[in-house]
1. For the range 361-383, what are the residues that are part of a helix (DSSP H, G or I) and without any contact (Cβ under 8 Å) to a residue 60 or more places away in the chain?
2. Evaluate the following for Val391: is it surrounded by 21 or more Cβ atoms within 10 Å (Cβ to Cβ) and at pLDDT 80 or above?
3. Exactly one condition in (1) open to solvent by 50 Å² or more (accessible area, probe 1.4 Å); (2) out of contact with any Cys (no Cβ under 8 Å at 6 or more places or on another chain); (3) touching a residue at least 24 places away in the same chain (Cβ under 8 Å) is not met by Asp13; state its number.
4. Going residue by residue through the range 242-249, is there one that turns out to be surrounded by fewer than 16 Cβ atoms within 10 Å (Cβ to Cβ), in the same structural domain as Pro373 (by the TED database), more than 28 Å from Leu356 (Cα to Cα) and of a type in the set (Ser, Thr, Tyr)?
5. For residues that are assigned to a loop (DSSP other than H, G, I, E, B) and touching a helix residue (DSSP H, G or I) at 6+ places or on another chain (Cβ under 7 Å), scanning just the range 306-336, find the one that is least open to solvent (accessible area, probe 1.4 Å).
6. Looking at this structure, is Ile45 farther than 27 Å from Asn173 by Cα and either β-branched (Val, Ile, Thr) or not assigned by the TED database to the domain that holds Ser180 (or both)?
7. Could you go through the range 181-198 and let me know if any residue there is in a helix (DSSP H, G or I), basic (Lys, Arg), at pLDDT below 80 and open to solvent by 60 Å² or more (accessible area, probe 1.4 Å).
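The values are calculated or read from the model by the stated rules, or taken from the named source; none is laboratory data. Keep in mind it's a predicted model, so treat the numbers as computed, not measured. Methodologically, a virtual Cβ is constructed for each residue, glycine included, from the backbone with ideal geometry; neighbour enumeration extends over all protein chains shown. Note: areas computed on protein heavy atoms with side chains; ligands, DNA, RNA excluded. Shrake-Rupley method; radii C 1.70, N 1.55, O 1.52, S 1.80 Å.
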Amino acid sequence: GLSVGILGPTFQDLAVNVNRNISSLSLIFVGRASGFFCGSMIGGILFDCMNHFLLLGVSMWGTTVGLFLVPFCKAAVLLIVVMSVFGASVGVLDTGANVLILALWGDEGAPHMQALHFSFALGAFLAPLLAKLALGTTVSAENHTEPDLHPPALNQSPEASLDPLFAVPDDLNLLWAYASVGAYIFVVSVFLFALFFKKTSKHGKSTASAQVSRRAKYHKALLCLLFMFFFFYVGAEVTYGSYVFSFATTHVGMEESEAAGLNSIFWGTFAACRGLAIFFATCLQPGTMIVLSNIGSLVSSLFLVLFDKNPLCLWIATSVYGASMATTFPSGISWLEQYTSISGKSAAFFVIGACLGDMAIPAVIGILQGQYPDLPVVLYTCLGSAIFTAVLFPVMYKLATCPLDLQRKENRSENQKTLPPSSRL
């Protein structure tokens, strides 16, 4: 959460560091997303044939190196390349963390899965505070506008080719922000390597045998449906969190301070509900939590569409929507583990679905919102996604439970055939 969330509040400082404007450096997000996509695929393959702790430790080392190199990059192309490598390490880490939780706790891992995803939300919440409030900023407003005013001159000067690719940034707070996050991740990687040297072969064998016995008849169909489920869920979550500020200012007419508060309350209730879900998961089944989340998302997004210009309804519905979206992803993984095995490749498959939703849906909505500025396209997207996921989950549940019932009946009939008549009676 810290490593991913640190980019947003320091994006403008990175643009100044490489002498570019913000719009010309937007490819940095594409590079990170592309690296995350590739890292998820590679990690899904490697986690099926390598020790989990070793691979997680190596990926965290890669994340640490990427964080230390980012503030030293003085060329935009080099910064994008480093961000791509950094995204690949985070992709391996994201896939492997979910697989590791399932490998350690199996069906009893719902609270641990909720805690894992709460830690991500907490880190993303603390990253802006660390980057701007704790360390502050030393770059003046004039330095921020300098790249916008003189990019051609900088590129055409004969001394530009002599500029180093790596150098200490002028803004030392930028360096300390990335270095502090990198140091924290390095310390965590040391603990993972320490766990690697422990003997876990017995636990691994028992877990593997349990996963094989839980393989459902429609295993691939369930993975495909969960891929689509996460595609629309994550796409709607990122879309609303990214566009609610601009929607509130342009469509509702809110002041920027109010719109910023609306954006904060969405992510605040999101993080708070993920924290509470750790305790809820001890007494509620993952399927029950998904149903409650789907109902909350459907009702809140419907109220957002019906009362799109009512500020009070916007505040209340946004809070409910953020809380409803919080537990869906970890609950979906825990729910699927109850019915079928989730290997590294399987986890990478639905993580890729979430990654594609993160990239595709906000981009499409941005284009549509520009073409239809009078329509609340963002709210229509959230409502459509809530309807789709609410309809899709019963289908997934039917596929997951019916094969298990059939298998139990077949096992009972086979056992009865092998027993003598007296034992049957």
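1. Looking only at the range 361-383, we keep the residues that are part of a helix (DSSP H, G or I), and these are 361-371, 377-383.
Those that are part of a helix (DSSP H, G or I) and without any contact (Cβ under 8 Å) to a residue 60 or more places away in the chain: Ala363, Val364, Ile367, Leu368, Gly370, Gln371, Val377.
2. Details: surrounded by 21 or more Cβ atoms within 10 Å (Cβ to Cβ): no; at pLDDT 80 or above: yes.
Judged against the criteria, Val391 is not a match.
3. For Asp13, the failing item is (1).
4. no
5. Step one: filter the range 306-336 for residues assigned to a loop (DSSP other than H, G, I, E, B), giving 307-310, 327.
From the residues that got through so far, the ones that are touching a helix residue (DSSP H, G or I) at 6+ places or on another chain (Cβ under 7 Å) too are 307-309, 327.
Working: Phe307: 92, Asp308: 29, Lys309: 125, Thr327: 8 Å².
Among those that are assigned to a loop (DSSP other than H, G, I, E, B) and touching a helix residue (DSSP H, G or I) at 6+ places or on another chain (Cβ under 7 Å), it is Thr327.
6. Numbers: farther than 27 Å from Asn173 by Cα: yes; either β-branched (Val, Ile, Thr) or not assigned by the TED database to the domain that holds Ser180 (or both): yes.
Criteria met by Ile45.
7. First, pick out the residues of the range 181-198 that are in a helix (DSSP H, G or I): 181-196.
From what is left, the residues that are basic (Lys, Arg) are none.
Within the range 181-198, none of the residues are in a helix (DSSP H, G or I), basic (Lys, Arg), at pLDDT below 80 and open to solvent by 60 Å² or more (accessible area, probe 1.4 Å).
Results for (1) touching a Leu at 6+ places or on another chain (Cβ under 9 Å); (2) under 30 Å from Gly44 (Cα atoms); (3) buried (at least 21 other Cβ atoms within 10 Å of the Cβ); (4) at pLDDT below 85, shown as yes or no for each residue.
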residue	(1), (2), (3), (4)
Gln338	no, yes, no, yes
Gly344	yes, yes, yes, yes
Asp358	no, yes, yes, yes
Leu368	yes, no, no, yes
Gln371	no, no, no, yes
Cys382	yes, yes, yes, no
